[in-house]
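Comments concern the structure below.
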Amino acid sequence: MGFSEMPTNMYVESSFWNFDALFQPQQHPARDSHDTFFLKAPATTTQLPDDYLEKVKQVHQSGGHGSKGYGYDWKRDEAEKNLLRTHTTAVSTRMLYKLAQEKTFAPKRYYSIDRVFRNEAVDRTHLAEFHQIEGLICDYGLTLGDLIGVLEDFFSRLGMSKLRFKPAYNPYTEPSMEIFSYHDGLKKWVEIGNSGMFRPEMLLPMGLPEGVNVIAWGLSLERPTMILYGIDNIRDLFGPKVDFNLIKSSPICRLGL
Ligand code: FB9
C-alpha cells in the first residue's frame, strides 16, 4: 500500500515523545506508574529539542492555533522521565516532527509493527507487552472519509470486509473511532482496532504546514493471530512457554479468509 516502515528499534523512550508531544496532559491517568513502566536508570533524558519543547509547553498550558490548551502548569522534569514506550505512536511523533523540519513538505505514508509495554493486569489475552501495528498518512486536506477509506482497504486485505465505526476518545486524535468487523467464525462483531485524526495541537507546534492533516490507526498483532490460529492463551503464542512444534507445524497465515 505504499507505506514505508518507521525505525522502532528503541524500546526506551522519554515521556516527552511518548506523551507530551502527543498533547497528552501530564496528569493523564496513563502517565502514572500504574499503567506505565518508568525507568530507575537512566531515569531522565538529556536530549530534548529546546525550541520545539517550548512550543509543546505553550500548547499544553495556554493552547494556540484556535485551541485553549489545558491551562495547567507544564513541568519539564515530568517530560524528561524515561519509560518503556506504551505505544509505537511515540515513534510516529518523532517521524512527523522530523518531516516538519524538512524544507519542503512531502506527503508520507508510514507504518510500524513492534513491541510496546503497559503495566496492565495480565490475563489469558493480555501480557505486560504486546506488538502494536500502526499506520499513518500525512498529507494536505485529508478527511475522516480518507481514514475510513484506507481502513476499508487495509482490513479487506486481512480478510475483514464488513466494518463498523464507533466514536471513541484518544488524547491525541479528534475525531477518533474504534473499528469493528463482523467475524463469521465467531458469529459476532469484534473490535479490531482504534483510529483517528491527529490533533492540530500536536501537529502545528511541530511546524507542519497549515492544511496538512494526519490520519492514523492501530491494532495489535497478537489478537488477530490468536483468533486466526485458534490460540486460546497468549502464552502459547508469545513467551518462554511457546511450543516450537506449534510454530513449525502451523501454516503461514493465508489471509483473505
Ligand atoms: O487488535 C485488536 N483487535 C483485533 C484485531 C484484529 C483481529 O483480527 C481477527 C482475525 C480476525 C481481531 C481483534 N484490538 C486492539 C482491539 C481489542 O483487542 C482491544 O481490546 C485491545 N487492543 C490493544 C490495546 O489494549 C490496551 C488492541 C490493542 C491496540 C489498541 C489500540 C491501538 C493499538 C493497539 C491504537 C491506536 C491508534 C489510534 C489512533 C492513532 C494512532 C494509533
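The condition of being open to solvent by less than 20 Å² (accessible area, probe 1.4 Å), on the phi > 0 side of the Ramachandran plot, touching a residue at least 24 places away in the same chain (Cβ under 8 Å) and touching a Gly at 6+ places or on another chain (Cβ under 7 Å) holds for only one of GLY193, GLY159, that being GLY193. Please tell me if VAL56 is touching a strand residue (DSSP E or B) at 6+ places or on another chain (Cβ under 6 Å) and either assigned to a strand (DSSP E or B) or open to solvent by less than 70 Å² (accessible area, probe 1.4 Å) (or both). Considered against the rule, which asks whether it is touching a strand residue (DSSP E or B) at 6+ places or on another chain (Cβ under 6 Å) and either assigned to a strand (DSSP E or B) or open to solvent by less than 70 Å² (accessible area, probe 1.4 Å) (or both), VAL56 comes out as no. Within the range 87-127, the residues that satisfy the criterion of being within 23 Å of ASP20 (Cβ to Cβ), assigned to a strand (DSSP E or B) and within 14 Å of the ligand (Cβ to nearest atom) are TYR110, SER112, ASP114, ARG115, VAL116, PHE117. In the range 202-247, how many are more than 11 Å from the ligand (Cβ to nearest atom), of a type in the set (Val, Ile, Thr) and open to solvent by 50 Å² or more (accessible area, probe 1.4 Å)? Residues flagged as more than 11 Å from the ligand (Cβ to nearest atom), of a type in the set (Val, Ile, Thr) and open to solvent by 50 Å² or more (accessible area, probe 1.4 Å) within the range 202-247 amount to 1. Whether a residue is open to solvent by less than 80 Å² (accessible area, probe 1.4 Å), free of Cβ contacts under 8 Å to residues at least 12 places away in the same chain and either β-branched (Val, Ile, Thr) or more than 16 Å from the ligand (Cβ to nearest atom) (or both) was assessed, and SER62 passes this test.
For ASP51, the conditions (1) of a type outside the set (Lys, Arg); (2) out of contact with any Cys (no Cβ under 8 Å at 6 or more places or on another chain); (3) surrounded by 12 or more Cβ atoms within 10 Å (Cβ to Cβ); (4) not in a loop (DSSP other than H, G, I, E, B) all hold with the exception of (3).
The number of residues in the range 128-156 being more than 11 Å from the ligand (Cβ to nearest atom), open to solvent by 30 Å² or more (accessible area, probe 1.4 Å) and assigned to a strand (DSSP E or B) comes to 3.
The values are calculated or read from the model by the stated rules, or taken from the named source; none is laboratory data. A quick note: this is a predicted structure, and the numbers were derived from the prediction, not measured. Heads up, the Cβs are rebuilt from the backbone with ideal geometry, glycines too, and the neighbour counts pull from every protein chain shown. Keep in mind that these areas ignore ligands, DNA and RNA; they rest on the heavy atoms of the full protein, side chains included. Shrake-Rupley method; radii C 1.70, N 1.55, O 1.52, S 1.80 Å.
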